[in-house]
1. Listing 22, 75 from the residue with the fewest other Cβ atoms within 10 Å to the one with the most, what is the order?
2. With θ taken as phi - 60° and the coefficients 6.51, -1.76 and 1.60, list the Karplus ³J(HN,Hα) couplings across region 107-119 in order, rounded to whole Hz; mark glycine and proline as x.
3. If each residue of separation counts as 0.36 nm, what is the full-extension length gain between residue 238 and residue 218 once their alpha-carbon separation is subtracted?
4. What is the fewest-to-most order of 244, 68 by other Cβ atoms lying within 10 Å of their Cβ?
5. Could you tell me the calculated FRET efficiency between residue 110 and residue 132, based on Cβ-Cβ distance and R0 = 25 angstrom, to the nearest 0.05?
6. Give the relative contact order (percent, whole number) for region 67-140; include only Cα pairs under 8 Å separated by 6+ residues.
7. For a quick check: with amide H placed at 1.01 Å from N, whose amide H comes under 5 Å from residue 86's, ignoring anything fewer than 5 positions away on the same chain?
8. Rank the residues 101, 202 as a footprinting-exposure proxy: fewest other Cβ atoms within 10 Å of their Cβ go first.
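Read the figures in this text as sums done on the coordinates, not as results from a lab. Just so you know, these numbers come straight off a predicted model, no measurement behind them. FYI the Cβ positions are ideal-geometry reconstructions off the backbone, even for glycines, and counts take in every protein chain you see.
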Amino acid sequence: MANLLNGKSVLVVGAGGLLGSRLVKYLIDKRVSIVAVDLNLTAMRERLSKQGVDNANSLLTLKELDITNDMEVKRFFNSELQIDGIVNAAYPRNKTYGNKFFDVSLQSFNENLSLHLGSAFLLTQQAAAYFERNKTPLSLVNISSIYGVIAPKFDIYDDTNMTMPVEYATIKAAIQHLNKYVVSYIKDSRFRVNCISPGGIFDGQPDAFLSAYKSYTNGAGMLDVDEMMGSIAFLLSDESKFVTGQNIIIDDGFSI
């Protein structure tokens with residue numbers, strides 16, 4: 001995939017997170033120029049350093065950006081930005097995010113939809129506006145989830161204090177249709193919007209959950225975040241130049 005991405009410039013949103021930081025490392029190794037943004041510049045630098053990314057790398061530009069702030073995002077996309085692709089790996093949420101269904105208040109539910117789905121809308125809208133101004137090919141990859149495709153398998157959370165947040169499932173399903181709406185609205189094959197839907201990504205979950213989750217897969221169980229890189233790279237590359245409005249599921253059969 002190296003030759004397919006070499007020389008491209010990609011904006012990675014949420015570059016201080018689990019997926020975003022690993023993606024920055026992956027793309028830099030492919031000689032891709034990166035504009036990495038996150039809410040906290042210091043925390044992003046530290047996370048990238050832990051991934052083995054040299055913050056002084058000439059291919060890397062680091063910027064602080066609050067993607068829930070309308071004016072900030074509009075100013076950012078109207079700046080001297082030159083990109084071929086965007087990956088939105090951000091995961092904004094409030095402090096009560098993740099409560100079990102009957103413990104979720106309407107206020108909290110609405111706030112999380114505003115933060116996560118709202119920021120995905122804002123980023124996608126401004127990416128479309130950027131394309132309309134420049135009329136150069138642009139590929140946007142949003143991150144959905146298997147739980148934006150199927151109903152949760154709640155039994156895998158037995159014997160744990162975990163749950164599948166109702167906000168998460170709602171948001172991830174909506175992101176898929178948001179992509180289709182924007183692609184249909186802009187209607188130009190040079191502007192593509194797709195998403196990937198990862199299955200469970202290992203991040204120190206309890207053994208009971210890992211075992212139950214694995215029983216629904218074809219043997220892989222929870223995936224490493226690196227397993228997402230190839231599909232993202234494909235969607236950013238010219239190899240997918242007529243793939244648009246689509247969703248790639250990466251789950252080792254969990255959603256079948």
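1. 75, 22
2. So the Karplus estimates, Gly and Pro as x, are 4, 5, 4, 5, 5, 5, 4, 5, 5, 8, 5, x, 5 Hz.
3. Length difference between fully extended and current span is 4.1 nm.
4. The order, fewest Cβ neighbours first, is 68, 244.
5. 0.25
6. 51 percent
7. When sequence neighbours closer than 5 places are left aside, the close amide H contacts are 11, 139, 140, 141.
8. 101, 202
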